[in-house]
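Nothing in this text is a laboratory measurement; each read-out follows from the coordinates by a stated rule. No experiment lies behind these values; they were computed from the predicted model shown. Counting neighbours? That spans all protein chains shown, and the Cβs are built from the backbone with ideal geometry, glycine included.
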Amino acid sequence: MACGARTPVLWQPQPRLPLPVARFLGARLHAALENPADRALLAWPAILGAPALRAAHPGGLPEALLLEQAAPMLVGTGQSPEDAWRRATACFPDTGDKGPDGWVPHRLWDPLASLVSLRCGVTLLALLGLPGDARWRVAAGASLFNAALFHEAHDALEPLWMEAEGPLRRTLQGLILMAGGYHHMQIQNAPGMAGLWEDAQAALEASGGEVRGPWGTLRFDEALAGLQVRLDALDDGTGERSPEPPWDRLWSLDRPEWELM
């Protein structure tokens with residue numbers, strides 16, 4: 001799919017996250033993937049780190065206003081704002097700190113509060129409205145991938161890959177490698193990007209651009225074709241790989257998507 005009005009906000013270079021912040025985000029994602037009701041955990045960093053709310057409430061967000069902001073974000077999670085907030089603060093005390101007037105981002109992630117807010121908000125939106133049955137993991141993986149949350153898509157599919165056998169396992173591995181390559185493109189790690197895309201191509205060579213499982217059919221034929229286009233863009237014209245990738249060119253090419261049928 002070509003870039004356009006629907007281009008995800010994260011379809012662009014991203015900073016490398018400090019390990020504590022990466023773990024903070026990963027803990028909430030993994031909880032949500034294990035139990036869809038725990039998607040609610042993503043709402044609180046999205047709210048507390050939102051730049052407009054922080055500017056309007058520099059001393060902290062009053063709890064009543066925090067719960068009010070969360071209510072529309074929690075539709076579909078099966079949790080009330082009050083119950084979800086109690087669970088978040090009990091299970092994840094690094095959610096927030098108390099400021100003079102209310103709740104503020106926890107000191108662990110406060111320096112990157114705007115980025116954490118954005119990633120949590122995008123992740124929550126990607127996970128809302130998905131089937132909660134056997135399709136959940138694959139639907140989550142596809143939705144996260146399409147939102148340019150490539151590392152998160154990798155995490156969604158990994159348990160399915162670990163349980164799979166034969167061609168299904170090989171194809172899921174290829175999709176994980178594809179997502180990993182795009183994550184490395186975001187953080188501009190050229191060797192990791194190219195190596196993972198080449199490995200993904202090899203793993204997906206016999207797939208026909210789709211994979212079938214108990215959760216339905218996942219199509220990725222255009223995304224697979226796009227790998228070769230991007231690898232070709234890394235050629236310096238002599239058959240060798242350019243020492244510095246044409247980053248602008250890579251971002252201008254059609255954005256990859258997966259489709260769960």
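I'd like the distance separating the alpha-carbon centroids of the stretch 119-171 and the stretch 212-229, in whole Å. Between the Cα centres of the stretch 119-171 and the stretch 212-229 lies a distance of 13 Å. Rounded to the nearest 0.05, the FRET efficiency derived from the C-beta distance between E198 and D101 at R0 = 45 Å is 0.25. Rounded to 0.05, the FRET efficiency of the A233 and E257 pair, given R0 = 22 Å and the Cβ-Cβ distance, is 0.70.
Between the listed residues Q201, N189, L128, the Cα displaced farthest toward the positive end of the dipole of the chain, a dipole computed from Cβ unit charges relative to the Cα centre, is found at L128. As a rough guide to protection, the peptides 240-250, 15-25, 44-54 ranked by mean Cβ packing within 10 Å, highest first, stand as 44-54, 15-25, 240-250. Under the convention that each Lys and Arg Cβ holds +1 and each Asp and Glu Cβ holds -1, the size of the dipole of the chain around its Cα centre is about 520 debye. FRET efficiency for the R169 to E210 pair, using the beta carbon distance and R₀ = 22 Å, is estimated at 0.90. Modelled this way, with points 7 Å down the Cα-to-C-beta line, the labels at R6 and E82 are 4.0 nm from one another. Placing unit charges on the Cβ atoms only, positive for Lys and Arg and negative for Asp and Glu, gives the stretch 19-127 a dipole magnitude near 260 debye about its Cα centre. Sequence-ordered 3J(HN,Hα) estimates for the stretch 243-254 from the Karplus curve with 6.51, -1.76 and 1.60 and θ = phi - 60° stand at x, 10, x, x, 4, 4, 5, 4, 6, 7, 5, 3 Hz, glycine and proline given as x.
Positive end of the dipole of the stretch 152-261 (Cβ unit charges, origin at the Cα centre): among M261, M178, Q228, the Cα lying farthest that way belongs to M261. Projecting the Cα atoms of P159, G60, P36 onto the dipole axis of the chain, where Lys and Arg carry +1 and Asp and Glu carry -1 at the beta carbon, places G60 farthest toward the positive end.
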